[in-house]
1. Against the conditions (1) in contact with a His (Cβ under 9 Å, 6 or more places away or on another chain); (2) within 9 Å of chain B (Cβ to nearest Cβ); (3) among the acidic types (Asp, Glu), where does A:GLU189 fall short? Just the number, please.
2. How about segment B:78-136: which of its residues are away from chain A (no Cβ under 12 Å) and among the charged types (D, E, K, R)?
3. Considering each of A:LEU130, A:LEU213, A:LEU191, A:LEU187 in turn, give the residue that is among the aliphatic types (A, V, I, L, M), out of contact with any strand residue (DSSP E or B) (no Cβ under 8 Å at 6 or more places or on another chain) and touching a residue at least 12 places away in the same chain (Cβ under 8 Å).
4. Give all pairs with beta carbons closer than 7 Å in which a residue from segment B:80-99 that is closer than 17 Å to B:ILE162 by Cβ meets a residue that is acidic (Asp, Glu) and assigned to a helix (DSSP H, G or I); count only pairs at least 6 apart in sequence or on separate chains.
5. Kindly indicate whether B:ILE162 is within 14 Å of chain A (Cβ to nearest Cβ), modelled with pLDDT under 95 and either touching a helix residue (DSSP H, G or I) at 6+ places or on another chain (Cβ under 9 Å) or part of a loop (DSSP other than H, G, I, E, B) (or both).
6. If we keep just the residues of segment A:103-117 that are buried (at least 17 other Cβ atoms within 10 Å of the Cβ) and in contact with a Pro (Cβ under 9 Å, 6 or more places away or on another chain), which is nearest to the other protein chains (Cβ to nearest Cβ)?
7. Touching a Leu at 6+ places or on another chain (Cβ under 9 Å), within 14 Å of chain B (Cβ to nearest Cβ), crowded, with 17+ Cβ neighbours inside 10 Å and of a type in the set (A, V, I, L, M): does that describe A:ALA62?
8. I need every pair where a residue in segment B:61-73 that is closer than 18 Å to A:LEU284 by Cβ and facing another protein chain (nearest Cβ under 7 Å) has its Cβ under 9 Å from the Cβ of a residue that is basic (Lys, Arg) and in a helix (DSSP H, G or I), sequence separation at least 6 or different chains.
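The values are calculated or read from the model by the stated rules, or taken from the named source; none is laboratory data. Here the structure is a predicted model, which means the values were calculated and not measured. Neighbour counts are summed over all protein chains in view; Cβ atoms, including those assigned to glycine, are modelled from backbone coordinates with ideal geometry.
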Amino acid sequence: MATPRPSVPKRLAGEVPATLAHVDAAEWTEAARVVHDAGGRLVALWGADRRPQEDAFSIFAAYATAEGLAVVDLAVPAASPAYPDLSGLFAPAGRMQRALRDLLGAEADGAEDARPWLRHGAWDEGEFPLRRDFDPAAPRAGRLEPYPFVRVEGDGVHEIPVGPIHAGIIEPGHFRFSIVGEKVLRLEERLGYTHKGVDRRFGDFSVAEGYRLAGRCSGDSTVAYAWAYAQAAESVLAVVVPPRARWLRALMLEGERIANHLGDLGALGNDAAFALALAQFSRLREDWLRAAGEIFGHRLMMDAVVPGGTACDPGERHVRSMAALADAVEREARELRDIFDEHSGLQDRFIGTGRVRPELARALGLVGLAARASGQALDLRVDFPAEPYGALAVRKCVSGAGDVAARVRVRFEELFESLRLVRAIVDGMPPGEVRVDLPEAAPGAFGVGWVEGWRGEVLVAIEAGEGGRIRRAHAHDPSWQNWPLIEHAIMGNIVPDFPLINKSFNLSYSGADG
Amino acid sequence: MIPIMLKILRTGIVTEPAPPPREEWRTRAAGIQDEVLALLGRALVIREVDAGSCNGCELEIHAVNNPYYNLEGLGIRFAASPRHADMLLVTGPVTRNMEQALRIAYEAMPEPRLVVAVGDCGRDGGIFGEGYATCGGVAKVLPVDVSIPGCPPPPLAILEGILAAVAARGDP
């Protein structure tokens, strides 16, 4: 028996300004158009099997609007699950819809690209891992299927296939370059190699415990994911987190941003043949990770953010030591920025390389630091600040140039801004408890979390089931939005600049593959 | 140029002494024959393969190359091609979508070849376990010599594990 589905948007409890509305197909399309015309963005698209409660599937879309996050839930019949295509209005929907078809078997009516995305052949066409009747443990032949890449034809055009295993210590994915001479005419990405079945796996956890899985969607963003998960869980459980825990979470999130920027600035220098950058920045990153390990018990701060607060309170002395380290790192990073700025060879490789113009960034829905380097002033810490960000007056670091140089510039500026924030957080850190007890989740309760990680916005949605279990959950990585932009950024550049362009975005394979 | 030289001089050498190998992480004690170790000596080339990790292990493998641990200073370096490698360093629960690529990389290596599984995922699938998308650890796909625990293992543990796989008799 279907539960009544009101179409009036309902405000969700918790830290994120979010609403949930149950819609029909006409309202689904109308909502997309209204959001699009008002300049909103598609944040995530996912689906769930509603059986046995209802004989239907849910198709969810989460939009960023001026008011916050608007989630719409379209119920489609389980026997013929189809929903209106969104990729015509929101470019990032394309791959998400393909993934949704692979996992749930729900078709986007009118979508142009019907090729599989996450399904490489490990499970059969006609099998859908997110359906209740799918047996994840059943033995499968798992024969990988060939993928129909788009071919570029013409005089002197040839292809370079790269991956899934790349030359360095990098995540796996396949890049198909069509080139003339050294110039790239077209790049086509094929991802999904690190698909671990996260959405399905969430169902094996309780709402209280799922943060550990969320924190392993993309290891470099473990704090952002764990915080987004915690927000979603706290929304489901209607608990309020103590102030000190919020400030500690922000300390960790900025710490994660700093660690990643330090690592990537070194790698960017190295990819332009400036080995000193890697040696120096990787040393600073190591200093930072060692401090994080000492203070939070884990170098990457995994499992440190938990639903209800934080796993531990490192204490005043430890928290204070973070500010001293921030001073030391800032001093050295400023020296290194001067060295970067005055190094003509480095600037020659950075400037004009891998350009994503602001119009393209807006049209294709770029997010996070890459968007800010292409003139898009988006930052959840400023636009929808969760405590303590409202009190910290975060500065958005924006550049309009959209090239590798702009992304390097934004990285440096965000590094310095986050170092400032670390000091401000240490100064403003309130005393008190860091964790509250969790009640058992009410079956059917729904919540979302939405956090500006170092790469961009991470979204987690949870629906509780019986006995405190997770009925359905979804984790969304900002790399979904940004991967397609690399296909544009490389056009007209030379092949040897690809590693540099790729690193300047440094997107997550694991996060987007799910 | 002068600021660069000054920066190098002021930083100095920060490399720390290498840890002893962690013999107890060996999973195939008999698999690593003395002759193999003699053949490899102390120069080792590693091909790293991410078989579906969350990228946390990659971050810490990168860290063993930083100046504090200075892996290359021990005669150990990472190569782009498995054809040049003595050791396959594998992370992740081995996703079904990476299983074939991992096997191909292993087959491309010259004998003798060592396999080190990094992290809890590499060990037994970790939090992802074994399922429709994951094989449940490197040993489900390849013969593993050493398995390094941790999520992710810190750089020192990775170093100890690599050294356990190549520890030559009596060598420090």
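1. So the condition that A:GLU189 fails would be (2).
2. Residues satisfying the conditions are B:ARG83, B:ASP86, B:GLU107, B:GLU111, B:ARG113, B:ARG123, B:ASP124.
3. A:LEU213
4. Once the first residue is closer than 17 Å to B:ILE162 by Cβ and sits in segment B:80-99, its partners that are acidic (Asp, Glu) and assigned to a helix (DSSP H, G or I) give B:THR91/B:GLU58.
5. Judged against the criteria, B:ILE162 is a match.
6. Ranking the candidates gives A:LEU103 first.
7. no
8. Listed pairs, sorted by first residue: B:HIS62/A:ARG285; B:ALA63/A:ARG285; B:ASN66/A:ARG283; B:ASN66/A:ARG285; B:PRO67/A:ARG283; B:TYR68/A:ARG283; B:TYR68/A:ARG290.
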